[in-house]
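A.B. asks: Can you read through this structure? Questions will come right after.
The values are calculated or read from the model by the stated rules, or taken from the named source; none is laboratory data. Treat the numbers as computed from the prediction; the structure is a model and nothing was measured. When we count neighbours, we look across all protein chains shown, and the Cβ atoms used for this are built from the backbone with ideal geometry, even at glycine.
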Amino acid sequence: MEREDVLAKVTEIARDVFDDEELELTDETVAADVDGWDSLTHLSLMNEIEIEFDIKFEMKEVQALGNVGELVNVILSRIS
Amino acid sequence: MSFTSLEFIFIFLPVCLAGYYLFPKRFRNYFLLAASLIFYAAGEPKRMYILLLGIVVNYVVGLLLSVKYKASFIRPLILVLSIAYNFGILFYYKYLMARYGVSNVTLPLGLSFFTFRTVSYCLDVYWDMMPVNKNPAEVALYISFFPQISMGPISRYTDLIKEMRERSFDAGDFFEGIKRIIMGLFKKLVIADMLVPAIDLCFGMEPSERSVSFAWLGLIAFLVQLYFDFMGYTDIAIGLGRLFGFHLPENFDHPYAASSVTDFWNTWHMTLGAWVRSYIYIPIFRACQGKKFKKLTCYLLASLGVWLFMGAWHGVGTKMIFYSLYYYFLIAGERIVADRRKARRKKLGLGKASKTLPSTIGAHVYLIVAVFFGQLLFKCESMGQYGGYLKSLFGLAGNALTQAETSFYLTQNLLPLAVGIICSFPVVPYILDKLKAGGKERMINILAPVIYGVMLVVSLAFAFTGTYRSFVYFQF
């Protein structure tokens, strides 16, 4: 899967989690940029991504990823 | 040694600052560690071994956690034992306090707060969020850093270690630090402490002696005192950090201006909130997700874990169980209502709900009422006293509507009460923004030093003449 495909899939999941059909994510997007990205929705997002890509995040990845780009990098490293 | 004591302001701090900046950069952390241990020894000489033992144990635990073992159970076992050790000591003292009374047993200085930091260190190393620290002086300074040791704010290991290794002198930061210290002294000495005589008298009365008006005055004064006492301490701690080049995290963001109990706890004692979120809420939530529980079930279980911990941390006994459950049910209720509303709007094909003026006012009124009754429970020593106070508030204790003490203390405390209530809401930042937008920055720059100067003089006058009052959260 290419990087763009992963980002598109993550965006699709995020639109559902944050209940915002117009949400656009980029590598630079951080939680503060998205309305409703709090600890609860963050954990839901991570869980939905785990189910979609059949991966398991480590605790440091759940807690310390800086932006969407870093999240995509972790997903790519797991599925490749 | 309290931050508001004269020996701290006029002896410890100036000597510490002079020594710090006289030492070459590479020795400054060692100097701060020595200063922190002297600060602690001055306040807790007999039980200092608990802190020293905590440093040694957690340093060794960190080293043990960094080893790759063949048997997979060893690392989790080391972690569990270290958490049991750290919280074991804390809850042993909490148990003694509950059994023998807070007047007979005191908590060793800062025990709660350095326990949060030791557990943060162990878990961050366990989760590989940071490599283990092999430098014992850095671990010791993280655990014992004197601006934070007594009452926080609680820094996460991963955050403080970065500045411990790389920070530089910045004049702007230094002056910002002085301003925060002055603000903290003013909030504690001139606002919070001024209200104590009225609060002590009010809460010491029998329900039938306390008139309705005095009961409300006492409760409002307590809410202001609790906030300004803790915020004042935090301002001083953050200011002290700045003097030495550290940027400690903020602890408050106008919690009384929140529009839900969930928001209130996201803006009150924020570093404790972040700590429980990282080390209790997220692990429980993730474990529930692993068991394929529904999102709401995970939320309710993780929040219950957080609130049982919060209750146990604040104290042992029936009252604190009620306190935890009170806030837990309000927060859980808010989540259930929000989820249902969201689902209904989605079903009807409606977008996000927009806020109307009545709904905004209603939300703020609900929060204030919820906090009135919740924090009253926090203040009362028993459920019996709580029940009695509630009766006084609504005139159900055979009490009068008003009494002489109400007008006396209202007149005496008008200034701290008024300033306290106004500054509990983001009025000052709003005015400053308006002035800046109106091109009045020059006026602010001229007036600010005068205002801070007056605040400092008044605060010092109170420090010289007032009765020493400990910070409320010292007992936790």
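A.B. asks: How about the stretch A:27-47: which of its residues are within 14 Å of another protein chain (Cβ to nearest Cβ) and among the polar types (S, T, N, Q)?
C.D. replies: Within the stretch A:27-47, A:SER39, A:THR41, A:SER44, A:ASN47 qualify.
A.B. asks: Go through the stretch A:56-80 residue by residue and tally those that are more than 17 Å from A:GLU2 (Cβ to Cβ) and not polar (S, T, N, Q).
C.D. replies: Adding up the residues that qualify gives 11.
A.B. asks: Mind listing whichever residues of the stretch B:331-354 are within 32 Å of the chain's Cα centre (by Cα) and within 13 Å of chain A (Cβ to nearest Cβ)?
C.D. replies: Once the filter is applied, which keeps residues that are within 32 Å of the chain's Cα centre (by Cα) and within 13 Å of chain A (Cβ to nearest Cβ), the stretch B:331-354 yields B:ILE331, B:ALA332, B:GLU334, B:ARG335, B:ILE336, B:ALA338, B:ASP339.
A.B. asks: Within the set of pairs 6 or more residues apart or between chains, which connect a residue that is in contact (Cβ under 8 Å) with a residue 40 or more places away in the chain and of a type outside the set (Ser, Thr, Tyr) inside the stretch B:276-298 to a residue that is part of a helix (DSSP H, G or I) and surrounded by fewer than 19 Cβ atoms within 10 Å (Cβ to Cβ) with Cβ atoms less than 8 Å apart?
C.D. replies: Cβ pairs passing all conditions: B:LEU296/B:ARG335; B:LEU296/B:ILE336; B:LEU296/B:ASP339.
A.B. asks: Here is a follow-up. So B:VAL139 fits all but one of (1) more than 21 Å from the chain's Cα centre (by Cα); (2) surrounded by fewer than 20 Cβ atoms within 10 Å (Cβ to Cβ); (3) not polar (S, T, N, Q); what number is the exception?
C.D. replies: Going through the list (1) more than 21 Å from the chain's Cα centre (by Cα); (2) surrounded by fewer than 20 Cβ atoms within 10 Å (Cβ to Cβ); (3) not polar (S, T, N, Q), B:VAL139 breaks only (2).
A.B. asks: Can you run down the residue pairs with Cβ atoms below 6 Å, 6 or more apart or on separate chains, where the first is in the stretch B:226-237 and closer than 12 Å to B:THR271 by Cβ and the partner is polar (S, T, N, Q) and not in a helix (DSSP H, G or I)?
C.D. replies: Qualifying pairs under 6 Å: B:THR234/B:ASN251.
A.B. asks: For the stretch B:122-159, which residues satisfy the criterion of being without any contact (Cβ under 8 Å) to a residue 60 or more places away in the chain and away from chain A (no Cβ under 13 Å)? Step through it out loud before you land on a result.
C.D. replies: Within the stretch B:122-159, the first condition is being without any contact (Cβ under 8 Å) to a residue 60 or more places away in the chain, and the residues that meet it are B:124, B:127-130, B:135, B:142, B:157-158.
Scanning the stretch B:122-159 gives B:ASN135, B:TYR142.
A.B. asks: Is it the case that A:LYS9 is without any contact (Cβ under 8 Å) to a residue 12 or more places away in the chain and surrounded by 14 or more Cβ atoms within 10 Å (Cβ to Cβ)? Walk me through it before giving the result.
C.D. replies: On the way: without any contact (Cβ under 8 Å) to a residue 12 or more places away in the chain: no; surrounded by 14 or more Cβ atoms within 10 Å (Cβ to Cβ): yes.
Here the answer is no, as A:LYS9 does not meet what is asked.
A.B. asks: All but one of (1) hydrophobic (A, V, I, L, M, F, W, C); (2) buried (at least 16 other Cβ atoms within 10 Å of the Cβ); (3) more than 11 Å from every other protein chain (Cβ to nearest Cβ) hold for B:CYS288; state the number of the condition that does not hold.
C.D. replies: It is condition (3) that B:CYS288 fails.
A.B. asks: Any residue at all in the stretch B:245-268 that's aromatic (Phe, Trp, Tyr) and within 14 Å of chain A (Cβ to nearest Cβ)? Steps first, please.
C.D. replies: Residues of the stretch B:245-268 that are aromatic (Phe, Trp, Tyr), as a first pass: B:246, B:252, B:256, B:264-265, B:268.
In the following step, the residues that additionally are within 14 Å of chain A (Cβ to nearest Cβ) were identified as B:265.
Yes.
A.B. asks: If you check B:LEU195 against the conditions, is it under 27 Å from B:GLY374 (Cβ atoms), among the aliphatic types (A, V, I, L, M) and over 23 Å from the mean Cα position of the chain (by Cα)?
C.D. replies: no
A.B. asks: Scanning for something surrounded by fewer than 21 Cβ atoms within 10 Å (Cβ to Cβ) and of a type outside the set (A, V, I, L, M), does the stretch B:58-66 turn up at least one residue? Spell out how you get there, then give the answer.
C.D. replies: Going through the stretch B:58-66, the residues surrounded by fewer than 21 Cβ atoms within 10 Å (Cβ to Cβ) turn out to be B:60, B:63-64, B:66.
Restricting the remaining residues to those that are of a type outside the set (A, V, I, L, M) gives B:66.
Within the stretch B:58-66, one or more residues are surrounded by fewer than 21 Cβ atoms within 10 Å (Cβ to Cβ) and of a type outside the set (A, V, I, L, M).
A.B. asks: I've got another one for you. Do the conditions hold for B:LEU63, that is, is it in contact with a Leu (Cβ under 9 Å, 6 or more places away or on another chain) and assigned by TED's automatic domain parsing to the domain that holds B:ILE154? Reasoning before the result, please.
C.D. replies: Numbers: in contact with a Leu (Cβ under 9 Å, 6 or more places away or on another chain): no; assigned by TED's automatic domain parsing to the domain that holds B:ILE154: yes.
When the stated conditions are applied, B:LEU63 does not pass them.
A.B. asks: Check off (1) exposed (fewer than 12 other Cβ atoms within 10 Å of the Cβ); (2) closer than 30 Å to B:SER211 by Cα; (3) not acidic (Asp, Glu) for B:GLY453 and give me the number that stays unchecked.
C.D. replies: Result: B:GLY453 passes all but (2).
A.B. asks: I'm told B:LYS292 meets every condition in (1) closer than 30 Å to B:SER120 by Cα; (2) assigned to a helix (DSSP H, G or I); (3) out of contact with any helix residue (DSSP H, G or I) (no Cβ under 6 Å at 6 or more places or on another chain) except one. Can you identify the failing condition by its number?
C.D. replies: (2)
A.B. asks: Give A:GLU50, A:GLU61 a once-over and let me know the one that is within 12 Å of another protein chain (Cβ to nearest Cβ) and either among the polar types (S, T, N, Q) or under 10 Å from the mean Cα position of the chain (by Cα) (or both). Can you show your working first?
C.D. replies: Working: A:GLU61 fails: either among the polar types (S, T, N, Q) or under 10 Å from the mean Cα position of the chain (by Cα) (or both).
Within the list A:GLU50, A:GLU61, the selection yields A:GLU50.
A.B. asks: Moving to a separate point now. When the residues of the stretch B:301-330 are narrowed to those that are touching a residue at least 24 places away in the same chain (Cβ under 8 Å) and either under 16 Å from A:ASP38 (Cβ atoms) or outside any helix (DSSP H, G or I) (or both), which ends up farthest from the other protein chains (Cβ to nearest Cβ)?
C.D. replies: Filtering first and then ranking leaves B:GLY317.
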